[in-house]
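S.K.: What follows is a single structure, and I will ask about it in a moment.
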Amino acid sequence: MNAPGTWSDDADLSGPVAAVGIATRTVPVGLRDARMAPSYFATSARDGSSSWLDLPGFSLERSGLSGGVAVSPDGRRLGWARFATRRALAGWSVLDTTTGKLQNLEVEGFDRVRPTMSELAFSGDSRYLLTSFETPDQPKDGSRGHQFVAWRVSDGAATVLEDPGFSWLPSLGYAETGVVWSRNHTVFRVDPETGRHSTFTLPRNVMMASWAPDDAAFAYIGRDDPKKGDPPADIRLYVGANTSSAHRVVDLPDTSPIGEFLAWRDPTHVALGNYRGEVYVVDITDGSHETIDMVGGGDQINTPLLATGLWAKPMVTPAATTGATDPRQLWRWAGLVVFVALLGAGAGLLRRADQAAGRRRSPAAPSDRSRAS
């Protein structure tokens, strides 16, 4: 993916996006000055073109360079936090990139809430925006009284997945349906629509867990638990035909550390990221992997957020970057041309005025000749 040119204008999204990232953008200051500032942009899933994003209520200064924005797995929706202050949210917004519909989500009874989860995410079926927050009636003594909520994007209805009072934030996972998260050794899966839920206990601390598109094969990123007497261990990928058999270790080279679970390309290939712009597509049957460089053109700042559901589709070459030059140069040249034209026109008027003045003085000439004769 390529970032837009630093001088590119905002462009309306008219279809699903493949990725969202942050890059340096030029902001005009007056007619001659400019400053550089980080800004979000989106890359089209249709043709690879990129455009800057306008996210009403969002603040990079308040959110930092990670968190606060999410892209749905199908690429059809963008979600972001709306900040009231640096430490308080007014709610969240969801934009349908295909229809342009903007929906604001707010916690009933509270005009502000405290954010407790740095990341936003959509469910694997793109139907829910997942948030975690504390309401102002919760104590501020470090109790971590957050609640985990799924917002149905079709109508804004909220389903509380975990009531306030849990000891730590959920670590989000992925499945084609429902919501997946983990805490310590336990993986939770809930269907917000029906309320059906299930839990699975694994022998290691789970960082991220996921079911394959066939809803059978299972993979998770985990590590042994020192609290149980295990020696310190690296973070590793564990896979299996189901949750009960997910014990097979798949190691990448030491130069390719596992950072995050991204998505499945098919039931036997999983995509992993390392937070450095590279993605590793791993074959869980034999451990082989393909490396994909996700760093494109433009002054990109962070690793892009990817529409994970699109990994099953072929990749396309990104469009060339446009809008790399200051558009005010055209106006300055145009102004110079107009100025020169005005000078030329003014000079012409002066010459014609002088000629007219000379014609007005010419009748005095015969009288002078007559006096001379």
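S.K.: By counting other Cβ atoms within 10 Å of each Cβ, how are Glu290, Glu108, Glu119 ranked from fewest to most? Intermediate values should be presented prior to the final figure.
M.R.: Values: Glu290 12, Glu108 5, Glu119 16.
Ascending Cβ contact count within 10 Å gives the list Glu108, Glu290, Glu119.
S.K.: Modelled label-to-label distance, Thr177 and Ile235, 7 Å Cα→beta-carbon offset: nm?
M.R.: 3.1 nm
S.K.: Please check which bits of the range 188-206 a label hung off Asp224 would reach, taking the label as a point 7 Å along Cα-to-C-beta and the cut-off as backbone N under 17 Å.
M.R.: Only 202-206 fall inside the zone, counting backbone N under 17 Å.
S.K.: A further question on this structure: Obtain the nm distance between the two label points defined at Thr99 and Thr268 by a simple spin-label model: each point lies 7 Å from its Cα along the Cα-to-C-beta direction.
M.R.: Label-label distance for Thr99 and Thr268, simple model: 4.0 nm.
S.K.: On to the next question. Between Ser245 and Met315, what length comes free when the chain is fully extended (0.36 nm per residue of separation minus the Cα-Cα distance, one decimal in nm)?
M.R.: Values: separation 70, 0.36 × 70 = 25.20 nm, distance 3.19 nm.
Length difference between fully extended and current span is 22.0 nm.
S.K.: How about the range 85-128: which trypsin sites (Lys or Arg not before Pro) there are in a DSSP loop, with at most 15 other Cβ atoms within 10 Å of their Cβ? Before the final figure, lay out the partial values.
M.R.: Numbers: sites: Arg86, Arg87, Lys101, Arg112, Arg127; in loops: Arg86, Arg87, Lys101, Arg112, Arg127.
When the trypsin sites (Lys or Arg not before Pro) of the range 85-128 are filtered for loop state and at most 15 Cβ neighbours within 10 Å, Arg86, Arg87, Lys101 remain.
S.K.: Sticking with this one: Say a paramagnetic label sat at a point 7 Å from the Cα of Leu60, along Cα to Cβ; which residues of the range 19-48 have their backbone N under 16 Å from it?
M.R.: 20-29, 34-43
S.K.: Sorted from fewest to most neighbouring beta carbons within 10 Å, what does the list Glu134, Glu260 look like?
M.R.: Values: Glu134 18, Glu260 14.
In order of increasing Cβ crowding within 10 Å: Glu260, Glu134.
S.K.: Also, I was wondering about something else. Using Cβ contacts closer than 10 Å as the measure, can you line up His247, His289, His146 from fewest to most?
M.R.: Details: His247 11, His289 21, His146 25.
The most exposed by this proxy come first: His247, His289, His146.
Taken together, the values in this text are just the output of simple stated rules run on the coordinates, not laboratory data. As the structure is a prediction and not an experimental result, all values here were calculated from the model. Reconstructed Cβ throughout: ideal geometry from the backbone, glycine too, with neighbour counts over all protein chains shown.
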